[in-house]
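> Here it is, the structure, as structure tokens.
The values are calculated or read from the model by the stated rules, or taken from the named source; none is laboratory data. Fair warning: this is a prediction, and the values are worked out from it, not measured in the lab. Note: ideal-geometry Cβ built from the backbone for every residue, glycine included; neighbour counts use all protein chains shown.
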Amino acid sequence: MILGYIGVGALLAALVLGGFSAVLSFWAGAQENAVMVQVGRRAFYAAAAMIVVAGAVLEWALLSHDFSLAYVTEHTDLSTPTALVAAGFYGGQEGSLLYWALVLGVLGSASLVASASLGVRLAAFATGVMAVILTFFLVVLVLVASPFDLLSITPPDGLGLNPVLRDGGMLIHPPVVLAGFASFAIPFSFAAAALLAGRPDSTWIAHTRRFALIAWSLQTTGLVLGMWWAYHVLGWGGYWGWDPVENVALMPWLATTAYLHSSMVQETRGRLRAWNFSLVIVAFLLVVFGTFIVRSGVVPSVHTFAISAIGPWFLAFLFLCIVFSVVLLAARSNALGGHVEPVALVSREGAFVLQNLLLVGVVVVVLWGTVLPLVSGMFGQQRVVGASYYERAAGPLFLVILALMAAGPLLPWRRAAGRVRGGLRGSPSVRALMWPGATAVIVLAALVVGGVRSMPALLAFPLTGAVAATCFTQYARLGRGWSRMPSLLGRRRRRYGAYLAHLGLAVLVTGIAASHLWQQERDVTLSPGQQVTVAGYTLTYVGSQDRQLADHTELVAAMRLGDATLEPARATYAGLGGQSLTHVAISTTPVADVYVVLVAGNVDGSASFSVFVNPLVSWIWAGGAIIILGVILGNLGESAPALESVRRRVPAAAST
Amino acid sequence: MRWALPALVVAACVGYLIYTASGGSAEYYLTVSELRSHTDSGDVRVAGVVQADVQKSDGGLHVMFTEKDGTDSVPVDYTGTLPDIFKPGITVVAEGRLGKDGVFHARTLLAKCPSRFSTTPYTQ
């Protein structure tokens, strides 16, 4: 009871501080009053501190089973394991919004600490924009979705967590994805502040790229973990269903991927300023839009979200953000232009621009598929698209992006064409392209000889091979200057980290393509002793038995695969209206996963199974890990001089 | 300006891909009553609540049940793995087509999955 009051008090204090920080920062920025700017920034830190207090109170209430709070009652019960009780913090609508505000407050504060060097106005406006976003979340938390609402009667026990969510995945996937979502607001705040301050040069890029990269890495991790969780828990043999909930997490990721590449063009060549602003802004708008559509129930999804009062609030906020962004970009369009030589088509920056256009194209494809039910519903009968739409529309675009990943890093900056004068073979870029080209041809030949005739496979695998070859040639060049390697690695860390991330993506895409194109499935009913063979893997059904556990019963089947025994099971929760839950059994090798789902057991001892053989699925998880490793190695503890040199390299841009 | 043409080409390709892909695979999302009057061929999706008459056969791999939405209902027949939470009372989305026999033959069956954001309001 008392915890509820403390929580509400902390949220109210945070709301007042956040609003104060927003108003003061904008005013002080306009006046260039350095003292007041600092006060505004400290008010933001204080608001963040109050949110931390509120978060701590909620966590305390959960762990101490304070069922006087409606939120605690609705998401936990006494039998829930402690780790999952703690996860209840972000397990419900209200708590997840508080978690969001918490991440924004803490990461936002971290980004503001070093912002003073950006100049009074930019720092003040960045604080202001961030404080407005934070205040919006606090208004929602206080007025419509408070995690501290009290029940009039304290029940003896809570309702508990849905069994599907009683899983380790619950501990890692939601917090990472939500943190990713929350952190997209930081690059947006700095971009908007740079535009407001009339300083559309590269200073904001150097400062915000790091936070864009944090948001991107969190989102990458969140997406891969989400796939991993869905694959291991849901039992349909797949990991990605193109559901609106997945799509809205993918779209800001795509936009930020584009930004991370195009921002390099601005850093090194001072180009694409308006474009970079737009990408950062679009990524944030997609986050707000996504939050609105998945939490308001306007789009049919297999995930049912509680239809709550927050929908209209997010819609209003989205509308406000769009108007603000469009007006801001339009008002500064003159300053964003400028007399710069155009980007050459065949050059490193040309590849970046084309890759950007294609990524935005994928965003458009995914966005259209996601909102089609909404749009078609307005003009008549509601229509929906399934996975095949996304595959057919986005697949070709992804293939061209892969081709660019193979060729782009080998092209020189500025113009490639000028260097070809000495004969095509003599050109360094053409010679460099030989290795990925040869790899692609070898992979293609191997596939054709192996009897593969599917067009997507004949395109995807040679291209991922070429991408990997490109990364290896870059590392080989590094290896040739072995003695200089430490210093080269030090100076170009970001670059070699990026190649590792590219390599990871090539591995990940190979896994996705193989498991998607070559998945095999069989549904069978077997009596004990009978066998089934799928894609060369023979499984023998040994028998099944019932197990009685604390809160559920479990039917466990034993399947022999070679020397190993797989134990797919089906749990039934009597306490939850007899809801059943499958426990998938997976035998993983680098070549393929054998994925067995127990559908049902019969009275005569026979049992029905769905058996999937999913090639190269483990490559997806490995690829995701390599990507993150590349980002960390390339950027962790990046020294300040690296940022300085970036700033020095773009003096022309800074003077406009 | 040099980029206007490539940008237009990419935009045209994206537009073409969206047009052809959604033309081929967009499905109508219908209520049970709309299903009766729907004449287009091709698969549709129908959402409704599973009624208590669920009959399983073939070791649980084949199922027949009635899907009800408001006042209208339709018998549904489906072969394959059922979603975990499938039981009378939950909402499912069946994807398939209505046969001449008046039975909806579902190719896939999706259950509305209990998300981490779904809350069962506590009633005292």
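> Which of the numbered conditions does B:Tyr19 fail, given that it passes all the others? Conditions: (1) at the interface with chain A (Cβ under 10 Å from one of its Cβ atoms); (2) within 16 Å of the chain's Cα centre (by Cα); (3) surrounded by fewer than 14 Cβ atoms within 10 Å (Cβ to Cβ).
So B:Tyr19 meets the others, but not (2).
> Same structure, new question: Based on this model, can you work out whether A:Ser296 counts as in contact with a Gly (Cβ under 9 Å, 6 or more places away or on another chain), surrounded by 24 or more Cβ atoms within 10 Å (Cβ to Cβ), at pLDDT below 85 and hydroxyl-bearing (Ser, Thr, Tyr)? Break it down into steps so the answer makes sense when it comes.
Values: in contact with a Gly (Cβ under 9 Å, 6 or more places away or on another chain): yes; surrounded by 24 or more Cβ atoms within 10 Å (Cβ to Cβ): no; at pLDDT below 85: yes; hydroxyl-bearing (Ser, Thr, Tyr): yes.
Against the criterion (in contact with a Gly (Cβ under 9 Å, 6 or more places away or on another chain), surrounded by 24 or more Cβ atoms within 10 Å (Cβ to Cβ), at pLDDT below 85 and hydroxyl-bearing (Ser, Thr, Tyr)), A:Ser296 does not qualify.
> Another question, if that's okay. What about A:Leu526, is it touching a Pro at 6+ places or on another chain (Cβ under 6 Å) and within 14 Å of another protein chain (Cβ to nearest Cβ)?
In short, no.
> Could you check the stretch B:46-117 for strands (runs of 3 or more DSSP E) lying wholly inside it with 2 or more residues that are of a type in the set (Gly, Ala, Ser)?
Numbers: elements: B:55-57, B:62-69, B:72-79, B:91-98, B:104-111.
Counting at least 2 such residues, we get B:91-98, B:104-111.
> How many of the residues in the stretch B:53-67 are within 14 Å of chain A (Cβ to nearest Cβ) and surrounded by fewer than 14 Cβ atoms within 10 Å (Cβ to Cβ)? Give the steps one after another, and end with the answer.
The initial filter retains those residues of the stretch B:53-67 that are within 14 Å of chain A (Cβ to nearest Cβ), namely B:54-63.
Applying the additional criterion that residues be surrounded by fewer than 14 Cβ atoms within 10 Å (Cβ to Cβ) yields B:55, B:57.
Residues meeting the conditions: 2.
> Of the residues A:Val617, A:Val631, which is at pLDDT 50 or above and touching a strand residue (DSSP E or B) at 6+ places or on another chain (Cβ under 9 Å)? Break it down into steps so the answer makes sense when it comes.
On the way: A:Val631 fails: touching a strand residue (DSSP E or B) at 6+ places or on another chain (Cβ under 9 Å).
Answer to the selection: A:Val617.
> Which of the following residues is more than 9 Å from chain A (Cβ to nearest Cβ), over 30 Å from A:Val365 (Cα atoms) and in contact with a His (Cβ under 9 Å, 6 or more places away or on another chain): B:Gly70, B:Gly99? Give the steps one after another, and end with the answer.
Values: B:Gly70 fails: in contact with a His (Cβ under 9 Å, 6 or more places away or on another chain).
The conditions single out B:Gly99.
> For the stretch B:30-45, name all the residues that are free of Cβ contacts under 8 Å to residues at least 40 places away in the same chain and either assigned to a strand (DSSP E or B) or aromatic (Phe, Trp, Tyr) (or both).
Answer for the stretch B:30-45, where residues must be free of Cβ contacts under 8 Å to residues at least 40 places away in the same chain and either assigned to a strand (DSSP E or B) or aromatic (Phe, Trp, Tyr) (or both): just B:Leu30.
> Counting only residues that are small (Gly, Ala, Ser), assigned to a helix (DSSP H, G or I) and more than 7 Å from chain B (Cβ to nearest Cβ), how many does the stretch A:363-392 have? It would help to see each step written out before you state the result.
Our first condition is that a residue be small (Gly, Ala, Ser); within the stretch A:363-392, this holds for A:369, A:376-377, A:380, A:386-388.
Among the residues that remain, those that are also assigned to a helix (DSSP H, G or I) are: A:369, A:376-377, A:387-388.
Subset that is more than 7 Å from chain B (Cβ to nearest Cβ): A:369, A:376-377, A:387.
Residues in the stretch A:363-392 being small (Gly, Ala, Ser), assigned to a helix (DSSP H, G or I) and more than 7 Å from chain B (Cβ to nearest Cβ): 4 in total.
> Right, A:Arg522: at pLDDT below 90, surrounded by fewer than 16 Cβ atoms within 10 Å (Cβ to Cβ) and under 34 Å from the mean Cα position of the chain (by Cα) or not?
Details: at pLDDT below 90: yes; surrounded by fewer than 16 Cβ atoms within 10 Å (Cβ to Cβ): yes; under 34 Å from the mean Cα position of the chain (by Cα): yes.
So A:Arg522 passes the test.
> Name the pairs whose Cβ atoms lie under 8 Å apart, with the first residue in the stretch A:364-388 and surrounded by fewer than 19 Cβ atoms within 10 Å (Cβ to Cβ), the second in a loop (DSSP other than H, G, I, E, B), and 6 or more positions between them or separate chains?
Going by the 8 Å Cβ cut-off, the qualifying pairs are A:Val371/A:Val299; A:Leu374/A:Val298; A:Leu374/A:Val299; A:Ser376/A:Gln382; A:Gly386/A:Trp242; A:Ala387/A:Gly241; A:Ala387/A:Trp242.
> Would you say A:Phe136 is within 14 Å of chain B (Cβ to nearest Cβ), assigned to a helix (DSSP H, G or I), in contact (Cβ under 8 Å) with a residue 12 or more places away in the chain and not aliphatic (A, V, I, L, M)?
no
> Take residues that are of a type in the set (Gly, Ala, Ser) and tell me which of the strands (runs of 3 or more DSSP E) falling wholly in the stretch A:499-607 contain 1 or more.
Details: elements: A:520-526, A:531-534, A:537-548, A:553-561, A:564-566, A:569-573, A:579-583, A:585-588, A:592-601.
Output list reads A:537-548, A:553-561, A:564-566, A:569-573, A:579-583, A:585-588, A:592-601.
> If you go through the stretch A:156-166 one residue at a time, do you hit one that is touching a residue at least 24 places away in the same chain (Cβ under 8 Å), basic (Lys, Arg) and under 28 Å from A:Gln266 (Cα atoms)?
No, because not a single residue in the stretch A:156-166 is touching a residue at least 24 places away in the same chain (Cβ under 8 Å), basic (Lys, Arg) and under 28 Å from A:Gln266 (Cα atoms).
> So, in the stretch A:2-53, of the ones that are among the polar types (S, T, N, Q) and closer than 19 Å to A:Ala101 by Cβ, which residue ends up surrounded by the fewest Cβ atoms within 10 Å (Cβ to Cβ)? Quick ask: steps written out before the conclusion?
So in the stretch A:2-53, the residues among the polar types (S, T, N, Q) come out as A:21, A:25, A:31, A:33, A:38.
Subsequent filtering for residues that are closer than 19 Å to A:Ala101 by Cβ retains A:21, A:25.
Working: A:Ser21: 27, A:Ser25: 30.
The extreme case among them is A:Ser21.
> Next question, about the same structure. Test A:Val323 against the stated conditions and say whether it is within 12 Å of chain B (Cβ to nearest Cβ) and out of contact with any Lys or Arg (no Cβ under 7 Å at 6 or more places or on another chain).
On the way: within 12 Å of chain B (Cβ to nearest Cβ): no; out of contact with any Lys or Arg (no Cβ under 7 Å at 6 or more places or on another chain): yes.
No.
> If you don't mind, there's one more thing I want to ask. Given the options A:Val39, A:Val57, A:Val8, name the one that is aliphatic (A, V, I, L, M), farther than 24 Å from A:Ile214 by Cβ, out of contact with any His (no Cβ under 7 Å at 6 or more places or on another chain) and without any contact (Cβ under 8 Å) to a residue 24 or more places away in the chain. Steps first, please.
Working: A:Val57 fails: without any contact (Cβ under 8 Å) to a residue 24 or more places away in the chain; A:Val8 fails: without any contact (Cβ under 8 Å) to a residue 24 or more places away in the chain.
After applying the criteria, what remains is A:Val39.
> So which residues in the stretch A:592-612 are crowded, with 22+ Cβ neighbours inside 10 Å and β-branched (Val, Ile, Thr), if there are any at all?
A:Val594, A:Val596, A:Val597, A:Val599, A:Val611
> Could you list all residues from the stretch B:73-85 that are within 14 Å of chain A (Cβ to nearest Cβ) and buried (at least 19 other Cβ atoms within 10 Å of the Cβ)?
Start the filter on the stretch B:73-85 by keeping residues that are within 14 Å of chain A (Cβ to nearest Cβ), which leaves B:78-85.
B:Tyr78, B:Thr81, B:Leu82, B:Pro83, B:Asp84, B:Ile85 - these are the residues of the stretch B:73-85 that are within 14 Å of chain A (Cβ to nearest Cβ) and buried (at least 19 other Cβ atoms within 10 Å of the Cβ).
> Determine whether A:Leu178 is more than 11 Å from chain B (Cβ to nearest Cβ) and closer than 26 Å to A:Leu11 by Cβ. Even if it seems obvious, please write down each step before you answer.
Values: more than 11 Å from chain B (Cβ to nearest Cβ): no; closer than 26 Å to A:Leu11 by Cβ: yes.
Considered against the rule, which asks whether it is more than 11 Å from chain B (Cβ to nearest Cβ) and closer than 26 Å to A:Leu11 by Cβ, A:Leu178 comes out as no.
> For residues that are closer than 23 Å to A:Gly395 by Cα and more than 8 Å from chain A (Cβ to nearest Cβ), scanning just the stretch B:22-52, find the one that is surrounded by the fewest Cβ atoms within 10 Å (Cβ to Cβ).
Going through the qualifying residues, I end up with B:Gly23.
> Among all residue pairs at least 6 apart or on different chains, which show Cβ distances below 6 Å where the first residue, located in the stretch A:96-113, is more than 20 Å from A:Ile172 (Cβ to Cβ) and the second is among the hydroxyl-bearing types (Ser, Thr, Tyr)?
Final answer for the pair search is A:Ser109/A:Tyr45; A:Leu112/A:Thr127.
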